[in-house]
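Notes follow once the structure below has been shown.
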Amino acid sequence: MAGVFHHAANRRAQPARGGRRRGARRRAWCAQGPQSRHEGGARRRDRGGCVAGDCLGDLDRPLEHASKLRRVASHLGLSLSETRKDNLTMHALKVTRAEDFPEWYQAIVREADLAELSPTRGCMIIKPWGYGIWERIQDEMDRRIKASGCENYYFPMMIPLSFIAKEAEHVEGFAKEMAVVTHHRLKAIDGVLKPDPEAELAEPLILRPTSETIIGDAFSRWVKSYRDLPLKLNQWANIVRWEMRTRMFLRTAEFLWQEGHTAHADEAGAVEETMRALEMYRSFAEEVLALPVIAGEKPEHERFPGAVSTFSIEAMMQDGKALQAGTSHNLGTHFAEAQNIRYQDSGGGISLAHTTSWGVSTRLIGGVIMTHGDDDGLRTPPAVAPHQVVIVPMVRGKPEDAQLIAYCDVLAQETASRQCFGSRVRVHVDKKDSRPADKRWDWVRRGAPIICEIGPRDMAADKVTFFRRDRLRVDGRPSAATLDQAEFVLGLDRLLPEIQNALFAEAKHRMESNIRGGFAAFSDLEDYFGEDQDSQFKGWARVHWSRPSGKALDEVEARLKALKLTIRNAPLQQPNTFGKCVFSGAPAVEEILVARAY
RNA sequence: CGGGGUGUAGCUCAGCCUGGUAGAGCAUUAGCUUUGGGAGCUAAGGGUCGCGAGUUCGAAUCCCGCCGCCCCGACCA
């Protein structure tokens, strides 16, 4: 299975009907397999056709509200065991990627217990499994940031309005999406709590959309001499940007991130730092999150407001869209000029500092979901999984249960004594008072990398029965392996990295096989990405261009936009020779990545 | 902020066209049965039908306004 999915825009169009229709047709389970041809059974979803190339295609038959395989069986006129034998697959999510990718994304966030919407518009509540992944990201990233010579600090969430006004482009870039604090008191007016008109702030405060301005102000005081440079600092913080359209983890009004800010004596120092941060993000994404990415420079019109140059890592999601997963900016002397960050050099002269900033956010979790998720939920990369091994005791309400749980505790202890990815293996015994089978599927949806199911027979033989979440199914059905306990425990420091590598290899293969070159002219792009091809999966395009700027670039942007395409970046790895610019026919100087994007 | 869709029990939804006692499945709770894998039977609890105004003897249903959510667009360091 190619494992790539695309949601066609026009697929959502509803047939015209008289009267109001309530309720999206959401189906609980889906079955696939040869039996589906029995028309009396699973009813077809009245969405448009399935579009994922040769993936699930026509074999896919979601069921109307069918929560029991048994119901499928009776519909099909088969016994339950026949139905199982005949390879009907029930997936743990209510919607598959092939049916509706955006809805699948929503489902996985909810069903994997990662986050939920909050009463505050556009903001999310990050739940323990989702936050646990973020904590692992923080730990790993923080270690790398500190290894590069940065220290952590913390700046206030509220920034005086006048600060944001200091850098012209910066203002323009952020003004439209800022939350503003204008009052410091509430008052009941006619029984309704309102900001007290008499408590208006002399100067409004903005909730930080990023901290360049307030940090630059501090830098101007902290940087006096060349001896103070380079100054390298980082903060973990929350950020507020009043987004028009929000999506969990990908674009929310409030999100969590890390922002590094550095000041250097000269351009070379800033450039080096910008590239160091970019490489840190690339290796982090690939090694820790198993997200293959392409690092490169953003085109002029996609730069951070106020930056001299902006670099990004771009990851390919399973619907073929690109996700900007991290950015690094060389700010040159723009912010230093605006905020007076100057130092005295060894000769006594006064010079402007060169600054950089770089960040990654909770958006990375969205990238993990859309890269490693499948129709049974998330497959959490072991390096960031809050629990790497989950043990489900197959208790049966019998006296021997206590003994079984004790056996599981010992297994957990043995497991936690092993080291992997530089720390102890994270293991959890699920003792929740619910059915073992329900617990299994909970952990499948959350994507615990290794799920152990330990029953009396395992205990008696000193064995461990377990699933690898990355290879949950064989021929459509969950497939477990059984090992001697000692063998299982001793093998963990090989098995967990093997799972990590398998996830990476799968994603890397998908990305590489879906980046297409050979576009000689813009019409080739139109043929490939054009309207009539809209319902098919598209990956990314590698095209050559002459790197226009100003008006000519605006025109390129508009032409791409007509195809819903954007320029992602100019990869650091460039070919030796270039053909013609696909936009102008002029000699090309650079290769860029073009894609639809989140 | 524009276009479309949508909002009924914790979840997924039916009921709306054609106004007349608030429904189903799952989940929850209790009891019994079952036990190498997403259990069965029985019973119980649970809803200001998004909010507000209107038409009407009577509104989940019809009309108007507002809000949230989803998709598309615009926007997006």
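The values are calculated or read from the model by the stated rules, or taken from the named source; none is laboratory data. What you see is a predicted model, and the numbers here were worked out from it, not measured in a lab. Positions of Cβ are generated from backbone atoms using ideal geometry, with glycine treated the same way; all protein chains shown enter the neighbour counts. For the accessible areas, the whole protein counts, side chains as well, though only heavy atoms, and no ligand, DNA or RNA atoms are used. Shrake-Rupley method; radii C 1.70, N 1.55, O 1.52, S 1.80 Å.
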As a test question: what accessible area, to the nearest 10 Å², does A:Lys463 have when a 1.4 Å probe is rolled over all protein chains in place?
70 Å²
What net charge do the residues around A:Thr333 carry, taking every other residue with its C-beta under 12 Å from that of A:Thr333, with Lys and Arg at +1 and Asp and Glu at -1?
-3
State the Cα centre-to-centre distance between the range A:542-598 and the range A:249-281 in whole Å.
25 Å
Expressed in angstrom, Rg and Dmax over the Cα atoms of the range A:270-340 are 13.5, 46
Write down, largest first, the equivalent ellipsoid semi-axes of the range A:280-396 in whole Å, where each equals the square root of 5 times an eigenvalue of the alpha-carbon gyration tensor.
41, 17, 10
Based on the Cβ-Cβ distance from A:Glu198 to A:Met275, what FRET efficiency comes out when R0 is 56 Å, to the nearest 0.05?
0.60
Please compute, for the alpha-carbon atoms of the range A:154-242, the extent along each of the three principal axes and give them in descending order in Å.
60, 24, 23
Using amide H atoms built 1.01 Å from N in the peptide plane, name the residues 5+ places from A:Ile206, or on other chains, whose amide H lies under 5 Å from its own.
A:Ile159, A:Leu161, A:Val181
Per-residue ³J(HN,Hα) for the range A:446-456, Karplus 6.51 cos²θ - 1.76 cosθ + 1.60, θ = phi - 60°, Hz, x for Gly and Pro:
6, x, 4, x, 10, 10, 9, 10, 10, x, x
Accessible surface ranking that places the most exposed of A:Arg396, A:Arg379, A:Arg426 first, with a 1.4 angstrom probe
A:Arg396, A:Arg426, A:Arg379
Report the normalised scattering of the range A:214-256 as log10 I(q)/I(0) at q = 0.31, 0.34 Å⁻¹, calculated by the Debye formula with identical scatterers on the alpha carbons.
-1.08, -1.17
Label points 7 Å out from Cα along the Cβ direction at A:Ser513 and A:Tyr528: separation in nm?
1.7 nm
Report the local net charge at A:Gln485: Lys and Arg +1, Asp and Glu -1, summed over other residues whose C-beta lies under 12 Å from its C-beta.
-4
Mean separation of Cα contacts under 8 Å, 6 or more apart, over the residue count of the range A:468-598: relative contact order %:
24 percent
For A:Ala307, distant residues with modelled amide H under 5 Å away:
none
Using modelled backbone amide H atoms (1.01 Å from N, in-plane), which distant-in-sequence or interchain residues come within less than 5 Å of A:Cys420's amide H?
A:Val425
Shape descriptor, the range A:329-390: equivalent ellipsoid semi-axes (Cα gyration tensor, sqrt 5λ, whole Å, largest first) stand at 47, 13, 7
Give me the distance in nm between label points sitting 7 Å out from Cα along the Cα-to-Cβ direction at A:Trp222 and A:Glu243, one decimal.
2.9 nm
Provide the solvent-accessible area of A:Lys166, counting protein heavy atoms only and rolling a 1.4 Å probe, rounded to the nearest 10 Å².
90 Å²
Please compute the contact order of the range A:382-505 in relative form: average sequence separation of alpha-carbon pairs under 8 Å and at least six residues apart, divided by the residue count, as a percent.
30 percent
Under the Karplus curve 6.51 cos²θ - 1.76 cosθ + 1.60, θ = phi - 60°, whole-Hz ³J(HN,Hα) for the range A:228-239, x wherever Gly or Pro sits:
7, 10, x, 9, 10, 9, 9, 9, 9, 7, 9, 9
For q values of 0.09, 0.13 Å⁻¹, compute log₁₀ I(q)/I(0) with the Debye formula on a Cα-only model of the range A:306-457, without solvent.
-0.52, -0.76
Mind ranking A:Arg473, A:Arg435, A:Arg251 by accessible surface for me, highest first, 1.4 Å probe?
A:Arg435, A:Arg251, A:Arg473
Can you give the direction-averaged projected area of the convex hull of the alpha-carbon atoms in the range A:382-505, in nm²?
7.4 nm²
Could you tell me which of A:Gln574, A:Leu553, A:Leu525 has its Cα farthest along the dipole of the range A:515-595 towards the positive end, charges placed at Cβ (Lys, Arg +1; Asp, Glu -1), taken about the Cα centre?
A:Gln574
All lysines inside 30 Å of A:Lys580 as judged from Cα atoms, apart from same-chain residues fewer than 8 positions distant
A:Lys298, A:Lys321, A:Lys508, A:Lys538, A:Lys551, A:Lys561, A:Lys564
Sort A:Ile125, A:Ile164 from largest to smallest accessible area, using a 1.4 Å probe on the heavy atoms of the protein chains.
A:Ile125, A:Ile164
Taking a probe of 1.4 angstrom, what is the accessible area of A:Asp442 in Å², to the nearest 10?
50 Å²
Two decimals is fine: what's Rg over Rh for the range A:515-595, C-alpha atoms, Kirkwood radius as Rh?
0.94
What are the ³J(HN,Hα) couplings of the range A:287-299, residue after residue, when phi is run through the Karplus curve with 6.51, -1.76, 1.60 and θ = phi - 60°? Round to Hz, x for glycine and proline.
7, 8, 9, 6, 9, x, 9, 10, 8, x, 9, 6, x
